[in-house]
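What follows is one structure encoded as structure tokens, with my remarks underneath.
The values are calculated or read from the model by the stated rules, or taken from the named source; none is laboratory data. Keep in mind that this is a model prediction, so the values were computed, not measured. Cβ coordinates were reconstructed from backbone atoms using ideal geometry, including for glycine residues, and neighbour counts include every protein chain displayed. To get the accessible areas, we keep the full protein, side chains included, count just its heavy atoms, and leave off ligands, DNA and RNA. Shrake-Rupley method; radii C 1.70, N 1.55, O 1.52, S 1.80 Å.
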Amino acid sequence: MDELFTKNPITKSEAIEDQGISLKVIGIGGAGTNMVDRIKLDNLADLHLAVVNTDRKTLAVSPVQERLMIGRKLTRGLSAGGETEIGRMAAEESRDELARMVTGVDLVFLLVGLGGGTGSGAAPVLAQVAREKGAMVITFATLPFHGEGSRRQEQAKDALCALRDVCHAVITLPNDVLIREIGENDTLMEALSKADGWISKGVSSIWSMLFAQGLINVDFGALKNAFHITGGKTLYGLGYGEGYNAVENALKSLDQCPLLHLPENYASQKADVLILNVTGGTDLGMSQVNRILDAVSEKFSSKENTILSAAQDASMTRVIYITVIGVSDLNGNGPARIRKHTPAAVPVIHTEQAEKELRKARKPQRVDQEEFAFPSDRDNRGLFEDTEPNVYDGEDLDIPTFLRRSLKITS
Amino acid sequence: MSQKKIIGAVEIGTSKVVVLVGEILGRNSLNIIGMAQTTSMGVKKGEVTNLKSASDSTHTAIVAAEKSAGVSIDSIYLSCSGRHLDGFSTTGKVAVSSSDNVINRADLQRVGEMARTKALPLQRVYIHHILGGYKVDGQPTKNPLGMAGEQLEVQYWNVNADQRKISDQLHIINGFGIKVDDMIISSIASGCVAASEEERDKGVLVIDIGCGTTDFAVYKDGIILRTGVIGVGGDHITNDLAIGLRINYKNAESIKHRFGKAIVDSSDKNDTVLLFGDLTIGDAPISRSSIYKITHARVEELFNIIHNKLGSLISTQNLPGGIIITGGSARLPHLCEAARQAFNVNARVAQNPAWVTNPELKAPEYSTVIGLLQYAMTAQRPDSGGRKKKNTGWFGKMAGIFAGN
């Protein structure tokens, strides 16, 4: 379905291209590289693709044009071996090359699988370099399976905290949740491509907001404005509907999107700024878009804070895709929440006065973020709100089991 | 000689307060002559959270029970539950004192004291010392008195509780001018009703899933090996449903009663049920599979926690009597099947004993309070010398609590 956004090159607006907005998808680490490789097959024509890795072998087989091997001296083309620290040092070593890679890019999509070495260690560095070069950074990060062991989980958590500190938006995709969407008889390739679908849908919907000719477009400035905060929590959900009741079906499917039912989102699905992208067939009309806007903004945000974009795709009829990306501001009205994990140290910044100032300016913000960014599980205790926590084996048993296990419930 | 004694049994549960009035005639005859029940207020997860409302509902129930029996109750057996209950095992070991190596009463007393006198942390009190059997020179035996041997060993399972929570409960009864004869943990009370003597001999696990807590006890060779409480009960299923289906608590409770099921089967995957079922405003379809998934997740987790806590005690060899499930939540359909899946041991829902003639009391949620009466009857037997001693011990402890206050 992802090529839907791109199939029709005629709809591409020349005027916008003249502004010279440059988008780049960068996959970092083993998992990230693979994701970019597979997205390339999805034929997203106007995106520049790049991959970064410490592992020579993986890079060699990648079909992507722009390939960068980092940490040449450190690992000699071998992988980081699952060590976050080595991944980070490799990125530090190749900082200049990374900077060259992101120079002149306005919007960087960073794809990374957290939990390993290169991805977890180098991604925060790359994100920071990209920011310094003035790019907007949106990261899609997969989180390791629960069964992969606590070490990988810890590494992923630390890396996620570091990423949230430097990126404009971090969209997390827990593998545990993605795998649930997969049928019993799917092959590994099918399973992987379904997981990648989540990412390519996100990338392509932002792409189509900016480039595709549609009913309502969003310019880059507005997008950048929406994502002006770092470290907040990012909501991400997709809905798809077809038939005569396409709007209702799409809304229902959005409601059931497993990524909106992660435990950390459960307490509040409200976002301070919401980006809503509606793509439909030639029969998509304003009334349908309005209905979706009403329903979605009521659920996630208020209308004033919703950035709406709508596009038509001439190749389909009676089909609607909805993408929502929500960002929570620091000044949100949500209750004060306690951050659970201490963030990993933000990668060390070298010299340059400007960077130091940038950091300083961000510091007071971050204090507030810690109050807000991680909703506590206590919000899900319902009836047992005012009783003592019922802790067994590190879990509060008063919180519904299905939430703690991220089971998908359709109502 | 037939001596008549009136005994009250009170369970201050999470959903309801039940009071039974029993008449004990002679040694083995027990009649239930009065009962009353009120909706419990101020109790969550088996613990008193609001003393005033819990007192009020208990007093109402006691008054109503006295009225229905036409007698006044002067002493009460009280059940107790809650996550604050804890247990540990102790052993005592002595050399047999007499020269001919025959074990006498003094030896038993010495070894018992040794095992029972372990000091507790501050604010904790013992509720029960459950005798887990003797060993004479390493050979297990039930009654070593008069046996010959050099070394006598005894094992106890010691149940202890948070002193403040226990005194809260006692205050409720004492505040009404009635004395508490003994306090029995719910798992033991329901265990002695739900499982027959034969089953307790063979080995059985009794799980009492109430509204706010789940109490369990493992029996083997007629003695209690292990007890435990988990602060999860039927309320949690309701709460899970309310959050998961985004409906209010009252509707969630009704959905649980009408459609709850402890296992998920794929047959009714796309089926939906109606929230109210009468098509009034606000009635909405709810997918059956969601209800089952939420319920199953909770039940499965609960059984897994019990399994973890009991470890190797759970096996077909150790539990030929299987698993008996009782308590209000035992009404949840297919619960036994879920238990079989989790424990790999046969499971059934408890039935209250035949001597309970009142049809209302046949329901599994009354097994604790019936167990209290049954326990009271055995405690009243004049020949149970050990029991009497324990009662005084109990009063001694409680006097200590109040002196401490």
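Things to note:
- Computed over the range A:234-327, the alpha-carbon pair-distance distribution with 10 angstrom bins reads 18, 53, 25, 4, each value a whole percent.
- Cα gyration tensor shape of the range B:196-349, rounded if a/c is under 1.5, else prolate or oblate by comparing a/b with b/c: prolate
- Taken about its Cα centre, the range A:42-191 carries a charge dipole of about 580 debye when Lys and Arg each add +1 at the Cβ and Asp and Glu each add -1 at the Cβ.
- Remark: the range B:74-84, residue by residue, has Karplus-estimated 3J(HN,Hα) of 10, 9, 9, 9, 10, 8, 9, 8, x, 5, 6 Hz, where x stands for each Gly or Pro and the curve is 6.51 cos²θ - 1.76 cosθ + 1.60 at θ = phi - 60°.
- Remark: C-alpha extents of the range B:166-221 on the principal axes read 42, 24, 14 Å, sorted largest to smallest.
- The mean of 1/r over all distinct Cα pairs in the range B:292-370, once inverted, gives the Kirkwood hydrodynamic radius of 13.6 Å.
- Net charge, residue B:187 excluded, C-beta distance under 9 Å - Lys, Arg +1, Asp, Glu -1: -2
- Considering only beta bridges that DSSP places wholly inside chain B, some 80 percent are antiparallel.
- Cα gyration tensor, the range B:1-137 - rounded (a/c under 1.5), prolate or oblate: oblate
- When a 1.4 Å probe is rolled over the protein heavy atoms, the share of accessible surface on the range B:86-159 that falls to carbon and sulfur comes to 49 percent.
- Split the accessible area of the range A:72-209 by element, probe 1.4 Å, and carbon with sulfur accounts for 52%.
- Shape class of the range B:103-214 from the Cα gyration tensor (axes a ≥ b ≥ c, square roots of the eigenvalues): oblate, since a/c reaches 1.5 or more and a/b does not exceed b/c.
- Violating pairs (Cα-Cα greater than 21 angstrom) within the set B:93/B:309; B:202/B:362; A:24/A:201; B:67/B:165: B:93/B:309; B:202/B:362; B:67/B:165
- Per residue, the accessible area of the range A:18-211 comes to 38 Å² when a 1.4 Å probe rolls over the protein heavy atoms.
- Rg and Dmax of the range B:86-159, Cα atoms only, in Å: 13.0, 44
- Residues whose amide H falls under 5 Å from that of residue A:142, counting only those 5 or more places apart or on a different chain, are A:112, A:113, A:114, A:173, with hydrogens built in the peptide plane.
- Per atom type, the range A:234-327 shows carbon and sulfur on 48% of its accessible surface, probed at 1.4 Å.
- Complex-versus-alone comparison for the range A:387-410, residues with a loss of 30 Å² or more in accessible area, probe 1.4 Å: A:387, A:388, A:390, A:392, A:397, A:400, A:401, A:402, A:405, A:407, A:409, A:410
- Taking every protein chain into account, the 1.4 Å probe leaves residue A:408 with about 60 Å² of accessible area, to the nearest ten.
- Radius 12 Å from Cβ of residue A:69, net charge of other residues (Lys, Arg +1; Asp, Glu -1): +2
- Shielded by partner chains, the range B:33-47 residues - at least 50 Å² of accessible area, 1.4 Å probe, vs chain alone: B:44, B:45
- Contact surface A-B: accessible area buried, both sides summed, square angstrom, 1.4 angstrom probe: 2400 Å²
- Between B:339, B:284, B:214, the Cα set farthest toward the positive side of the dipole of the range B:196-349 (charges on each charged residue's Cβ, about the Cα centre) is that of B:284.
- A cut-off under 11 angstrom between Cβ atoms defines the neighbours of residue B:61, and their net charge, with Lys, Arg +1 and Asp, Glu -1, is -1.
- Per residue accessible area of chain B, 1.4 Å probe, in Å²: 42 Å²
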